[in-house]
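Trainee: Supplied in structure tokens, the structure appears directly below.
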């Protein structure tokens, strides 16, 4: 089958090489990538998923941003100070940043000031905006949010928190917190979604929804490279919206796309080996970039014994939950179902990229079927007293992985059945505590272990919070609140580690794996970097050989 696929690719690429001599934009550096998800809004206040975040990152800037090592670094704020009690943040802004031209400014540029950030942040918090990112300002002091985000003058912004909250700077790096111009937002209202005016390296040139989106270089972007050359290097960015993954792969191989992000089962075995390496037939023209991703894939277990469904479930027994954790081989699963992409989930919910110094490491689960059997036997389960049936819910995208877990758990004497649900139904039922056992994942909103541990804080029970397992532990809650005000870096990480270890001891989850960011690029693409939040940064990307572009 793979040979047929290769012959088809060679034929397609051969045809393409004959057509590559015709250039629509000779001499222009146009970076092309595909977005399989729909993009419906270019307003950063609604940048809730990766598709929208990637585009908004090219159009807008915030006070701060993350570098590729997840350190918070300056963006429009050139520096900042934090009060000794960790509550007052004072940002000192650059004075050379301008909004892109717009008729609201009489087709001129308009300088960004601290009042613009006050407007932009309060806009997120305003219920009338209905931003999915309104939670980012929860740490800001009480009901007086308007009083606690203020411009001291045109270039100094001050934000006051309810209490010390170490992850706050990382939260401000999210695209929700981008600066937008009040005049343009007021002029276009809801149509700001398709008339975005920001400060970023590119501006919107054309957008035909679900067909193509084109960004042009912002000639007055405020950033320069280390040699003093103005950024960005690219003249334009073109985004297509093909839905079929195999078609996207073929377009990439033909050279019609510069970037292939992630990997789909339909072409996974074609391009990478079982050990996650790029196959040698592609190495001449393509590079594989890979880095840890702040995404933990797991099996969630509802543990709230106040619910009738849990009272009647065998999963209420800790021995069974622990047996599940010991009962499947994650390393083998990664190799054969994911071609070596990912790290086996033998630790806690917090992925490797956030286990900083001070974080304990002596906890978690590895494959140990004998220990799993012993746990079940000691709990009184045997041939005469079998474990009642257990249903594992998933979507079709993860069916192969759930079948793998099912097979291994059934070998231990469990009776696991699989329920395949549409994604929307899965989300609704998970949020409303209607699934006892389910596959889930958590991608970090901001780079802090606290973001993952919030999944188990008792006040975050779904549907109003992300605690889908309804886990509750008084000691965990005590540590969680303590971690939010602890300003010492090592001490805070030690608390995070104790919380993660406690969760794994109580086993409301079974970690599958920690994901990896995977990008394939053509070798004429230079300056492409990777980061654990999978942000696409194009301001420093360049194309070496423009003749490869159509």
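Here, each number is a calculation from the coordinates, and none is a lab measurement. Not measured: the values here are computed from a predicted model. Glycine also receives a Cβ, built like all others from the backbone with ideal geometry; neighbour counts cover every protein chain displayed.
Trainee: Based on the Cβ-Cβ distance of residue 432 and residue 363, what FRET efficiency does E = 1/(1 + (r/R0)^6) give at R0 = 35 Å, to the nearest 0.05? It would help to have the intermediate numbers written out before the result.
Mentor: Details: r = 31 Å, r/R0 = 0.88.
Efficiency for this residue pair is about 0.70.
Trainee: What length, rounded to one decimal in nm, is gained on full extension from residue 477 through to residue 156, with 0.36 nm per residue of separation minus their alpha-carbon distance? Can you show the working numbers first?
Mentor: On the way: separation 321, 0.36 × 321 = 115.56 nm, distance 3.64 nm.
Contour length minus Cα-Cα distance gives 111.9 nm.
Trainee: May I ask what percent, to the nearest 5, of DSSP beta bridges between residues of the range 292-515 are antiparallel? If you can, show how the numbers build up before the last one.
Mentor: Numbers: 14 of 21 bridges.
In the range 292-515, DSSP labels about 65 percent of beta bridges as antiparallel.
Trainee: For the pair residue 193/residue 38, report the inter-label distance in nm, with labels modelled 7 Å from Cα in the Cβ direction.
Mentor: 1.0 nm
Trainee: Enter the Cα centre distance for the pair the range 139-188 and the range 496-529, rounded to the nearest angstrom.
Mentor: Spelled out, the Cα-based centre of one part sits 29 Å from the other.
Trainee: Compute the semi-axes of the equivalent ellipsoid of the range 292-515, taking the square root of 5 times each eigenvalue of the Cα gyration tensor, and list them largest first in whole Å.
Mentor: Numbers: eigenvalues 141, 75, 66 Å².
In descending order the semi-axes read 27, 19, 18 Å.
Trainee: Also, quick follow-up: Please give the FRET efficiency for residue 312 paired with residue 403, using the beta carbon to beta carbon distance and R0 = 25 Å, rounded to the nearest 0.05. Please report the intermediate quantities before stating the final value.
Mentor: On the way: r = 25 Å, r/R0 = 1.00.
With a Förster radius of 25 Å, E is 0.50.
Trainee: Which distance in nm do the two modelled labels at residue 224 and residue 82 give, with both placed 7 Å along the Cα-to-Cβ direction?
Mentor: 3.2 nm
Trainee: Roughly how many Å is it from the Cα centre of the range 426-467 to that of the range 259-321, as a whole number?
Mentor: Centre-to-centre (Cα) distance: 17 Å.
Trainee: Another question, if that's okay. What FRET efficiency, computed as 1/(1 + (r/R0)^6) with R0 = 35 Å and r the Cβ-Cβ distance, is obtained for residue 147 and residue 491, rounded to the nearest 0.05? Spell out each step's value before the answer.
Mentor: Numbers: r = 31 Å, r/R0 = 0.90.
Efficiency, from the Cβ-Cβ distance: 0.65.
Trainee: Can you tell me what share of the DSSP beta bridges in the chain is antiparallel? A percent to the nearest 5 is fine.
Mentor: In the chain, DSSP labels about 80 percent of beta bridges as antiparallel.
Trainee: Okay, moving on. Taking 0.36 nm per residue of separation and subtracting the Cα-Cα distance, what length does fully extending residue 420 through residue 92 add? Mind dumping the intermediate values first?
Mentor: On the way: separation 328, 0.36 × 328 = 118.08 nm, distance 5.18 nm.
Difference between extended and current length: 112.9 nm.
Trainee: Here are a few candidate values for mean projected area of the Cα convex hull in nm²: [x] 25.2; [y] 33.7; [z] 27.0. Which one was actually calculated from the structure I just gave you?
Mentor: Read-out taken from this structure: [z].
Trainee: Find the Rg to Rh ratio for the range 385-425, where Rh is the Kirkwood radius over alpha-carbon pairs and Rg uses the same atoms. Display every interim value, and only then the final one.
Mentor: Details: Rg = 11.0 Å, Rh = 10.7 Å.
When Rh is taken as the Kirkwood radius, the ratio is 1.03.
Trainee: Tell me, in nm to one decimal, what length is gained between residue 523 and residue 331 on full extension, where the rule is 0.36 nm per residue of separation less the Cα-Cα distance? Walk me through the numbers on the way to the answer.
Mentor: Numbers: separation 192, 0.36 × 192 = 69.12 nm, distance 3.14 nm.
The residue 523-residue 331 span can extend by a further 66.0 nm.
Trainee: Here is a follow-up. If we sort 508-519, 436-447 on the protection proxy, mean other Cβ atoms within 10 Å, highest first, what's the order? Please report the intermediate quantities before stating the final value.
Mentor: Working: 508-519: 23.6, 436-447: 21.1.
Going by the mean number of other Cβ atoms within 10 Å, highest first, we get 508-519, 436-447.
Trainee: For the range 169-247, what ratio Rg/Rh do Cα atoms give with a Kirkwood hydrodynamic radius?
Mentor: Details: Rg = 15.4 Å, Rh = 14.9 Å.
Radius of gyration over Kirkwood radius for the range 169-247 works out to 1.03.
Trainee: If you average the C-alpha positions of the range 69-100 and of the range 116-130 separately, how far apart do those two centres end up, in angstrom?
Mentor: Going from one Cα centre to the other spans 19 Å.
Trainee: Still on this structure, please answer the following. If you take the square roots of the eigenvalues of the alpha-carbon gyration tensor of the range 284-353 and sort them as a ≥ b ≥ c, do you get rounded (a/c under 1.5), prolate (a/b over b/c) or oblate? Kindly include the intermediate steps, with their values, before the conclusion.
Mentor: On the way: a/c = 3.34, a/b = 2.52, b/c = 1.32.
Note, shape of the range 284-353 comes out prolate.
Trainee: What order, most packed first, do the peptides 177-184, 538-545 have when packing is the mean number of other Cβ atoms within 10 Å of each residue? If you can, show how the numbers build up before the last one.
Mentor: On the way: 177-184: 21.8, 538-545: 17.6.
Packing proxy ranking, top to bottom: 177-184, 538-545.
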